[in-house]
Structure formats: structure tokens, C-alpha cells
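Each remark here refers to the structure printed beneath this line.
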Amino acid sequence: MLPEEGGYYRWVDARFGRFWAFQNGWLTWMYSLVDMAIYPVLFNQYLKYFVPSLSPRVEWVIALAMIWGATAINLRGSARVGRTSVIAGSFISSAFSRSPSRRFPR
């Protein structure tokens, strides 16, 4: 709704001023760093359930590939991030789209 880039920072700045905009921007940045660190670990835990013989070195390689892949997508711009989000959301939703009778046999 604001005709300028900056996301949360600009929204908070317009209403509450620079001090609170900085606080909001800093906290958003901090929780994003922590939040993004969770996904490679979670993915590896799921993968280790299905492939118990996964070595710690392979886990590191997978985690780094996820981080580098996400970084590459983000560096290409918001349109690419949006398209990737739609594809990922569709993939996740497809697991729930089957009929209940097929998931729970009698």
C-alpha cells in the first residue's frame, strides 16, 4: 500500500517513527536468521528417518545445498521467490489432496 520498497520497516516508520521501525526491522532480521537455520536441520531429520545410514558429512552437504539454493533463488529477485513459493506450496499441498479412502484403507 505504500509506494516505496522496504516492507515492514517502511510501514512501521510511516506510523510509529524511525526508532520503532528500526526495532521492528532488527527483530525481523534476527528471527529470520534463526527461522531459516531450522529448515535444513528439519529436512535432514526427516531424511535421516527414511535413510538411517546417512553420514554426518552427507547431512552437512545437504544442508549447505539447501542454504545455497535458497540464497540463489533470493538473489534472483522477488518474482523468482514468488514462483518458487507457489511450486513448493503446490508440492506440499499435493500430499493432502488424495481422497481419505486411499489414505486409510479399511
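Values quoted throughout were computed directly from the atomic coordinates according to the rules given, and no laboratory measurement underlies them. As the structure is a computational prediction, the values presented were derived from the model and not from experiment. Neighbour counts run over all protein chains shown; Cβ positions are idealised from the backbone, glycine included.
Using only the C-alpha atoms, the convex hull of the chain corresponds to 166 Å³ per residue. Applying the Karplus relation 6.51 cos²θ - 1.76 cosθ + 1.60 with θ = phi - 60° to the stretch 62-76 yields 3J(HN,Hα) values of 5, 4, 5, 5, 5, 5, 5, x, 5, 5, 4, 4, 5, 5, 7 Hz, where x marks Gly and Pro. Between residue 61 and residue 48, residue separation times 0.36 nm minus the direct Cα-Cα distance comes to 3.3 nm.
Of the trypsin sites (Lys or Arg not before Pro) found in the stretch 1-87, no site is in coil according to DSSP while having at most 10 other Cβ atoms within 10 Å of its Cβ.
Rounded to the nearest 20, the Cβ-based charge dipole of the chain about its Cα centre (Lys and Arg +1, Asp and Glu -1) stands at 560 debye.
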